[in-house]
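S.K.: Quick one: this structure, given as structure tokens, is what I'll be asking you about.
What follows draws every value from the coordinates through simple rules; no lab data is involved. Please read these numbers as outputs of a predicted model, since none were measured by experiment. For neighbour counting, all protein chains shown are included, and Cβ atoms are generated from backbone atoms with ideal geometry for every residue, glycine included.
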Amino acid sequence: MLKYLFFICFVISTLKSNSQTIPAVECGTVAKSSWIAKLQAINNAKASALKTSDLVTIPIQIHLIVKANGTTSLTVSQIRSELDSVNYFYNNSNMFFYECLAPEIIYDDSLFNYEYDTEESILLTQHYTNDVINIYFANTASVSGTPVCGYSQFPPSMDYAVVASACATNGSTLAHELGHYFGLFHTHGDISQGELVDGSNCSSDGDLICDTPADPILSSSNVSTSCVYTGTAMDANFMPYAPDVTNIMSYSRKVCRNSFSFEQYYVINSVMLNERSNLYCQFATSVSAFDKKNLRLFPNPGTDVLSVVFSENIDSAKMCLFNTLGECVYENSFSGNNIQINTSKLPMGVYFYSIESNVFKSTGKWVKSE
Ligand SMILES: [Zn+2]
């Protein structure tokens, strides 16, 4: 009887979970076999510096596709919140994504539910800004009729990614697609999926990155809602997998994905500097001149008061703190060598600062924490 009851409960819970299951919508980025050799070369060059020591700003433009009558399932402010998550994840690569241009709202009924096969050329010819990452947000996105969360392109390519609204606010899809744009394969491997658990072929199989464990292709059926791997698959040596369910480049549950590995950061940074070096915002003040040696800005991360101290007196300097939208949310002019800024009213998040006089310019990142 107990057994029978258990069976009924099992059937009910299975039915329940099935009825709640959203069809698996994954990533539509197509791997490029020509990218393998390049990625291996980048990995082999790891002996050089991990990343730039200075903050590099990455210009983007948001393109939001809405219906002709303005109907939308996503707002620009939701997209900007997602951009904050992206900046949080890419912080370790010393990269800061910001809006170089105002968002473009595309009023188009046919693009609203976007299909790659027939409509990509419209986006890339009629709604594209050179040398910024164009991020297109559609109501739904599909590749040959199959719904996808989004897609991007491996280098070399035009500068863009597409994200479907259902995945645009999950905290990881945009970071994931940008990961492809900056050269990362899926952790389970796109070209070959035979990476061994013992790591012996990690540089030639799977994602070609050795500090991400072998991944048997994660999904909501082998990662629990509490982000624990529950699969029992074994590799060719009959070793059980122990994948990283938090990796942003995996197919783990979207809410579980919140990390890149050290070597993934290395690849992102290298690709940004060498393969994506065209990125440049020609519409805003350049923030490329760095000279930090005379400046100390602390605490960083900070809370309500930010101190900026110079090694010598600065004359008529202008300071701005920019948010992720590229808006100057704090502005001040000052002379001297020590200023205190009241930052209590600023929301938590990542900012970048620009301090400039006619003989001095310094820019960098500042994080406001709790
Ligand atoms: Zn992907």
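S.K.: Calculate how large, on average over all directions, the projected area of the Cα convex hull of the chain is; give the answer in nm² to one decimal.
M.R.: 22.8
S.K.: Quick check: net charge around E177, other residues with Cβ under 13 Å of its Cβ, Lys/Arg +1 and Asp/Glu -1?
M.R.: -1
S.K.: Residue by residue, what Karplus-based ³J(HN,Hα) values in Hz, rounded to whole numbers, does the range 108-114 have, using 6.51, -1.76 and 1.60 with θ = phi - 60° and x for Gly and Pro?
M.R.: Values, residue by residue: 7, 4, 6, 7, 3, 9, 7 Hz.
S.K.: Take the Cα atoms of the range 61-185, find their three principal axes, and give me the spread along each one in whole Å, biggest first.
M.R.: Ordered largest first, the range 61-185 gives principal extents of 40, 29, 26 Å.
S.K.: Still on this structure: Mean residue ellipticity at 222 nm from the helices of the chain, using -39,500 (n - 2.57) per DSSP H segment of n ≥ 4 over the full residue count, to the nearest 500 deg cm²/dmol?
M.R.: -7000 deg cm²/dmol
S.K.: Okay, next question. With a 10 Å cut-off between alpha carbons and a GNM built on the chain, which of E356, E115, E82 moves the most?
M.R.: Sorting by GNM fluctuation, first place goes to E356.
S.K.: For the chain, what does the relative contact order come out to in percent, with C-alpha contacts under 8 Å and a separation of six or more?
M.R.: Here the relative contact order equals 15 percent.
S.K.: Taking 0.36 nm per intervening residue step and subtracting the Cα-Cα distance, what contour gain separates C328 from S219 on full extension?
M.R.: Stretched fully, the C328-S219 segment lengthens by 35.1 nm.
S.K.: Which of the residue pairs K345/K365; K318/K345; K254/K368 have a Cα-Cα distance greater than 22 Å in the structure shown?
M.R.: With Cα atoms farther than 22 Å apart: K254/K368.
S.K.: Residues with beta-carbon under 11 Å from that of M249, excluding M249: net charge, scoring Lys, Arg +1 and Asp, Glu -1?
M.R.: It works out to a net charge of -4.
S.K.: Turning to a different aspect of this structure: What are the residues whose amide H is under 5 Å from the amide H of V329, where those residues sit 5 or more places off or on another chain and H is modelled from the backbone?
M.R.: L321, F322, N323
S.K.: Okay, next question. Please list the non-local residues whose amide H lies under 5 Å from the amide H of G150, H modeled 1.01 Å from N, same-chain partners needing a gap of 5 or more.
M.R.: G28, A164
S.K.: Another one. Which ³J(HN,Hα) values, rounded to whole Hz and listed in residue order, are derived for the range 256-261 from phi using the Karplus coefficients 6.51, -1.76 and 1.60 in 6.51 cos²θ - 1.76 cosθ + 1.60 with θ = phi - 60°, glycine and proline given as x?
M.R.: 7, 7, 8, 8, 10, 8
S.K.: Give me the Kirkwood hydrodynamic radius of the range 295-368 in Å, from all C-alpha pairs, to one decimal place?
M.R.: That comes to 12.3 Å for the range 295-368.
S.K.: To continue, here is another question. Quick query: amide H of S357 versus all other amide H atoms, modeled in the peptide plane; which residues come in under 5 Å with a sequence gap of 5 or more or a different chain?
M.R.: Result for S357 returns K318.
S.K.: Can you work out ³J(HN,Hα) from phi for every residue in the range 218-234, in order, using Karplus 6.51 cos²θ - 1.76 cosθ + 1.60 and θ = phi - 60°, giving whole Hz and x for Gly and Pro?
M.R.: With the stated coefficients, the range 218-234 comes to 7, 6, 6, 8, 10, 10, 6, 5, 9, 6, 10, 6, 10, x, 10, 5, 10 Hz.
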